[in-house]
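Here's the structure we're looking at; comments come further down.
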Amino acid sequence: MNVIEKRIAELKQYRPDLTAPKDIDLFWAKTLEEVHTKPVRAFKAPVETPYPHILAYRVTFEGVDDTPLHAWYVRPRFAGDQKLPCIVLSHGYTGGKGYPEDYSSWLMLGFAVLAVDVRGQGGETGDRLGDPHGTVKGWVTKGILDKDTCYYKTITTDALRAVDWVAEQSDVDSAKIAISGASQGGGLSLMVAALSDKAAITVADIPNMCHMDFGMMNSTSSLTEAAEFVNRFPEHLEQVLHTLSYFDVMNLAHRIRTPIMVSVGFKDTVCMPETIFAAYNRIESPKTIEIYPFIGHWVEGFQRRKTAEFLVQHFS
């Protein structure tokens, strides 16, 4: 057994103790009720682009706290009003939804796309949620002393409402909704897969939001913000870990019931392999993991092709 095979074998056996609080199921039942009892109020406006074969729309829909959330909805013009499979995409930390044409490769596969801004970050979406304590740099520590005000709760419920909006569209095949993203977007995709019954398949590339206590201690991810918060306020360590445990994919992975593809880079210091396998090893649905021993925190073209093959095969 060479060193790479040994590393893979070790990681496939990695099952750290769960950190789930006793009321995690009750918390998410209450949260999902909040999400689904509020109608998805939204409007869609056409947007001109230089690309004649793209139909693009700016979508604005409300979060649970009434924050306006912005997204691109794009379709291939050749499809007309035909019901298409749709992929809901979430970006990485500090990113944004970009431009409609960024999603052309999905349109060439015959997919529609909803690409959503994560609130407060590098797109056009703000954040109306109050901040009861104060933060360190970035967004991760907003409301981190309470599960009901935690930033991770708001971006998770935002992602759930995005899927709800897609499922209501007359030109989307509601049985063929996929969710995907990388890093923060990969973590959100796993959260939605665990909490929603409206997505049929998931691809989570180098996902964050997994085994977050390990990430706080060891990674260079956005969880360094939580570590800095605790460094500044050491009396809050246990409360911070408790809050994050509600949003740790490791503690929710057993709820995933649909097919899933995950990717991991062994040289990734941001979303470290241990964190990803801690969640992946607890997924009980049909699953596959694409392992890249020599890449860090990025997703290369080959994985993009593997993703396309995975989704097309599933929806064919």
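The values are calculated or read from the model by the stated rules, or taken from the named source; none is laboratory data. Since this is a predicted model, take the numbers as computed values, not measurements. A quick note on method: Cβ atoms are made from the backbone with ideal geometry, for glycine too, and the neighbour counts reach across all protein chains shown. Please note that ligands, DNA and RNA were not included when accessible areas were found on the heavy atoms of the full protein model with its side chains. Shrake-Rupley method; radii C 1.70, N 1.55, O 1.52, S 1.80 Å.
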Worksheet item: When G181 is evaluated against the numbered criteria (1) in a strand (DSSP E or B); (2) over 16 Å from H91 (Cβ atoms), which criterion, by number, is the only one it fails?
Response: (2)
Discussion item. For region 219-232, check the following and say yes or no: at least one residue is in contact with a strand residue (DSSP E or B) (Cβ under 6 Å, 6 or more places away or on another chain), in a loop (DSSP other than H, G, I, E, B) and surrounded by fewer than 24 Cβ atoms within 10 Å (Cβ to Cβ).
Written reply: no
Worksheet item: Just checking, how many residues over region 71-82 are of a type outside the set (A, V, I, L, M, F, W, C) and either assigned to a loop (DSSP other than H, G, I, E, B) or surrounded by fewer than 18 Cβ atoms within 10 Å (Cβ to Cβ) (or both)?
Response: 4
Worksheet item: Only one of (1) more than 20 Å from Y93 (Cα to Cα); (2) assigned to a helix (DSSP H, G or I); (3) open to solvent by less than 60 Å² (accessible area, probe 1.4 Å) is not met by T243, so which one is it?
Response: (1)
Response to the item:
Within region 280-316, residues touching a strand residue (DSSP E or B) at 6+ places or on another chain (Cβ under 8 Å) and assigned to a helix (DSSP H, G or I) come out as Y280, Q303, K306, T307, F310, L311, H314, F315
Worksheet item: How many residues, within region 233-260, are farther than 22 Å from I155 by Cα and either in contact (Cβ under 8 Å) with a residue 60 or more places away in the chain or basic (K, R) (or both)?
Response: 1
Fill in: Qualifying positions in region 20-60 - within 22 Å of A193 (Cβ to Cβ), open to solvent by 50 Å² or more (accessible area, probe 1.4 Å) and touching a residue at least 40 places away in the same chain (Cβ under 8 Å)
E34, H36
Worksheet, complete the sentence: Considering region 133-183, residues that are more than 18 Å from T31 (Cβ to Cβ) and among the acidic types (D, E), and then whichever is surrounded by the fewest Cβ atoms within 10 Å (Cβ to Cβ), we arrive at E168
Worksheet entry | Among residues of region 246-287, those that are open to solvent by less than 10 Å² (accessible area, probe 1.4 Å) and under 23 Å from Y151 (Cβ atoms), counted | 15
Worksheet item: What are the pairs, 6+ residues apart or on separate chains, where a residue within region 154-177 that is part of a helix (DSSP H, G or I) has its Cβ under 9 Å from a residue that is at pLDDT below 95 and hydroxyl-bearing (S, T, Y)?
Response: T154/T67; D158/T67; D158/T125
Worksheet item: Which residues, taken from region 10-49, are under 27 Å from I289 (Cα atoms), touching an Asp or Glu at 6+ places or on another chain (Cβ under 9 Å) and part of a helix (DSSP H, G or I)?
Response: L11
Item to complete: State the number of residues belonging to region 103-132 that are surrounded by fewer than 22 Cβ atoms within 10 Å (Cβ to Cβ) and either under 28 Å from D65 (Cβ atoms) or at pLDDT below 90 (or both).
Response: 13
